[in-house]
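Below you'll find the structure, written out as structure tokens, and then a few comments.
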Amino acid sequence: MTTPSFASRLVLIGLIGVCGTFFRAGAFSQTPAPQSETIAVNLSIEKAQVTMGRSPWAVLTVKNLSNHEMALHAWMYRVQVEGEKKEPPTTEAQRQLTGKLRPGEAALRGDEYVVPMIPPGKSYTQKFKLDYLYDLSVPGKYTVYAEVMDPSTQKSSSPKWLHTNTVQFTMPAASH
């Protein structure tokens, strides 16, 4: 029996790597959106590449899987943006939403918000202007996800938060 040549071994290693990549990509693309018994959540980004000075928009979709109407209060979801090195600085609006106001920052009025009601089997979509929540003045790659409280656990001592899929966008440096 002859031993395989060096070139044959390289071809075999390359094929194994390619097959592994396809397997991982297939498994990743088939991962279902996070869900509980009462809701399914999904996050998308309007544009994967956003010009500096323009606002990236994330779109959160919450589907009611229960057999009754449910309310989705503003405090039941939150959006998180991370840069290549760390979380970008938050705006006062984001600090208001997350309850992390700095000393001297006044709470915004909360009485003008309408609570959406989601009928059984229907979805609610909320768009987020990400530069309203974060300072995105630094070019680079950003990662975004949302967390949504499962309405069926909101009255428990430890409510369940569903972490959506993660999406990315890039803000390339302005060319001169």
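FYI, it's all coordinate maths here, none of it is from the lab. This one's a predicted model, so the numbers in the text were calculated from it and none came from an experiment. Because the Cβ atoms are built from the backbone with ideal geometry, glycine has one as well, and the counts that use them run over all protein chains shown.
Brief remarks on what is shown
- Extending 7 Å from Cα along the Cβ direction at Ala174 and again at Thr143 yields two label points whose distance is 2.9 nm.
- The range 40-89-the range 140-176 distance, computed between alpha-carbon centres (Å): 6 Å
- Loop-resident sites, the range 68-156, for trypsin sites (Lys or Arg not before Pro), counting at most 10 other Cβ within 10 Å (DSSP): Lys85, Lys86, Lys100, Arg109, Lys155
- Long-range amide H partners of Ser36 with built H, under 5 Å: none
- Lysines whose Cα lies under 26 Å from that of Lys160, excluding same-chain neighbours fewer than 8 positions away: Lys63, Lys86, Lys100, Lys122, Lys127, Lys129
- In nm, spacing of pseudo-spin labels at Ala71 and Ala106 (7 Å Cα→C-beta vector): 2.7 nm
- Relative to the current alpha-carbon distance between Glu87 and Thr125, full extension at 0.36 nm per residue lengthens the span by 11.2 nm.
- Close amide-amide hydrogen proximity is noted between Val81 and no other residue 5 or more places distant or on a separate chain, at a cut-off under 5 Å (H modeled in the peptide plane; Pro and chain starts excluded).
- Backbone geometry of the range 88-99 corresponds, through the Karplus equation with coefficients 6.51, -1.76 and 1.60 at θ = phi - 60°, to 3J(HN,Hα) couplings of x, x, 7, 8, 4, 4, 5, 5, 5, 5, 9, x Hz, x marking Gly and Pro.
- The GluC sites (Glu not before Pro) of the range 83-167 that DSSP puts in a loop, and whose beta carbon has at most 13 other beta carbons within 10 Å, are Glu84, Glu105, Glu112.
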